[in-house]
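Notes follow once the structure below has been shown.
The values are calculated or read from the model by the stated rules, or taken from the named source; none is laboratory data. Owing to the predicted nature of the structure, the values given are computational and were not obtained by experimental measurement. Neighbour counts are summed over all protein chains in view; Cβ atoms, including those assigned to glycine, are modelled from backbone coordinates with ideal geometry. Protein only, heavy atoms only, side chains kept; ligands, DNA and RNA dropped before computing areas. Shrake-Rupley method; radii C 1.70, N 1.55, O 1.52, S 1.80 Å.
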Amino acid sequence: MKRISIGLLGLGNIGAGTYKVLEQNRTHIEATTGLDLRITRILELDQERDRGFTVPPGVFTEDPSAIFDDPDIDIVVELIGGIEPATSFMASAMKGGKSVVSANKAAIAENYELLTETAASSGVGFRFEASVGGGIPLIGAITEHLCANEYTEMHGILNGTTNYILTKMSEQGLPYDDVLKEAQELGFAEADPTGDVKGEDVANKLSILMSLVFGKRVRPEDIPTRGITRITPEDFREAAENGCVIKLLASAFRAPDGTCECFVQPSWLNKTHPLAEVRNEYNALLIRGNAVDDLVFYGKGAGPFPTASAVLGDVIAIARRL
Ligand code: HSE
């Protein structure tokens with residue numbers, strides 16, 4: 001059995017979910033992949049919190065160099081979130097010859113060139129499936145199975161927190177603040193949910209997709225973005241009277257001359273539209289390729305376990321090649 005040592009940066013919601021899924025599915029992963037995946041070091045300041053499992057002695061560290069300088073660590077999994085120090089940590093790990101897996105859409109959207117170029121020049125793997133669409137394997141599909149296509153447009157529901165809020169407000173008439181609190185308790189929202197509700201989290205994800213789908217680098221701050229903070233019960237009523245629902249949509253188009261347009265905004269969708277039935281923390285992406293035509297990806301876009309599924313899928317993909 002091939003043994004792979006993992007250094008985990010951050011044991012918050014997603015880090016703990018990843019740790020649990022790895023332990024829960026260890027026998028299955030070993031049997032199907034022939035890989036013995038071990039989290040040997042964890043960078044975390046809050047080591048006392050009850051996460052429902054015990055980390056063995058000597059695994060926790062508060063010193064990032066204990067991971068970057070450990071010659072036995074093959075893969076660094078970055079789950080601390082935020083732009084810094086996450087970007088510097090990922091770049092240091094790559095320069096030290098370690099492959100990196102990350103779920104950090106903010107850092108990747110902001111520093112896409114730096115991170116992809118550092119990985120390439122260091123000859124290491126860099127995968128970030130969990131950064132867009134949580135558990136939905138859409139980056140792998142877009143960059144691998146569908147890469148013969150030229151894409152012309154895409155539309156996504158890419159934030160679990162806001163989709164959860166919109167669903168509960170429109171279907172149950174619940175107040176915005178109560179539903180946001182629920183989404184936070186369920187582990188969907190960011191530590192500071194402002195970026196979720198203002199649409200910035202979706203802009204980060206759309207920025208990453210613009211690079212992968214259209215080969216266009218669009219910085220998140222250059223994407224026209226409106227969130228859901230000003231939606232009222234009256235808006236839901238008006239949409240329903242017209243046979244529509246309200247969704248926070250990320251949309252992008254590529255014209256035949258190669259110019260692209262993209263934006264994030266709450267939009268009316270006819271109830272018959274394939275994205276209209278996407279409820280709660282589910283995400284979806286409708287993408288149009290010139291060979292495959294329309295495809296819709298659907299699944300849980302937030303939450304510790306779905307996100308852990310994507311993180312561990314990336315770890316296994318890299319580990320198989322090591
Ligand atoms: N806060 C994000 C969301 C987490 O609600 O979708 C997943 O990226």
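Some values worked out for this structure:
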read-out	value
Per-pair calculated FRET efficiency, R0 = 25 Å: residue 65 and residue 26 via Cβ, rounded to 0.05	0.30
Trypsin sites (Lys or Arg not before Pro) within segment 50-116, DSSP loop, no more than 14 other Cβ atoms inside 10 Å	none
Heavy-atom accessible area per residue - the chain, 1.4 Å, Å²	44 Å²
Distance in nm between pseudo-label sites at residue 172 and residue 232 (7 Å out along the Cβ direction from Cα)	2.4 nm
Accessible-area composition of segment 141-222, carbon plus sulfur, in percent [1.4 Å probe]	48 percent
Farthest toward positive dipole pole in segment 1-129 [+1 Lys/Arg, -1 Asp/Glu at C-beta], among 18, 96, 119	18
Paramagnetic label zone (point 7 Å from Cα along Cα-to-C-beta, residue 222; backbone N under 16 Å) in segment 98-121	109-114
Helical contribution to [θ] at 222 nm, DSSP H n ≥ 4, -39,500 (n - 2.57), averaged over the chain, rounded to 500	-11000 deg cm²/dmol
Separation in nanometres of the label points that stand 7 Å from Cα toward Cβ, at residue 265 and residue 145	3.3 nm
Student exercise, segment 171-223 dipole from Lys, Arg, Asp, Glu Cβ charges, in Debye to nearest 20	520 debye
Coil-residue GluC sites (Glu not before Pro) of segment 258-322, DSSP, other Cβ within 10 Å capped at 15	277
Cα-based helix-to-principal-axis angle, 112-122 vs the chain, degrees rounded to 10	30 degrees
Rounded if a/c under 1.5, otherwise prolate or oblate - segment 1-116, Cα gyration tensor axes	prolate
Reciprocal of mean inverse Cα separation for the chain (Kirkwood radius, Å)	20.2 Å
Only Lys, Arg (+1) and Asp, Glu (-1) charged, at Cβ; the chain dipole about Cα centre in debye	700 debye
Pair residue 292, residue 273: separation of 7 Å Cα→Cβ label points (nm)	2.1 nm
GluC sites (Glu not before Pro) restricted to segment 34-105 and DSSP loop, no more than 14 other C-beta within 10 Å	48, 62
Accessible area of segment 84-134 belonging to carbon and sulfur atoms, whole % at 1.4 Å probe	51 percent
Electrostatic dipole magnitude of segment 1-128 [Cβ: Lys, Arg +1; Asp, Glu -1; Cα centre; debye, to 20]	460 debye
The chain: angle of helix 200-214 to the longest principal axis, Cα-based, in degrees nearest 10	80 degrees
Signed unit charges on C-beta, dipole axis of segment 181-320, positive-most listed residue 189, 206, 244	206
³J(HN,Hα) computed for each position of segment 226-243 - Karplus, 6.51 cos²θ - 1.76 cosθ + 1.60, integer Hz, glycine/proline x	10, x, 10, 5, 9, 6, 10, x, 4, 4, 5, 4, 5, 4, 4, 4, 9, x
Positive dipole terminus of segment 179-322, leading residue within 180, 267, 319 (C-beta point charges)	319
nm² value of the averaged projected area, convex hull over the Cα atoms of segment 148-244	7.8 nm²
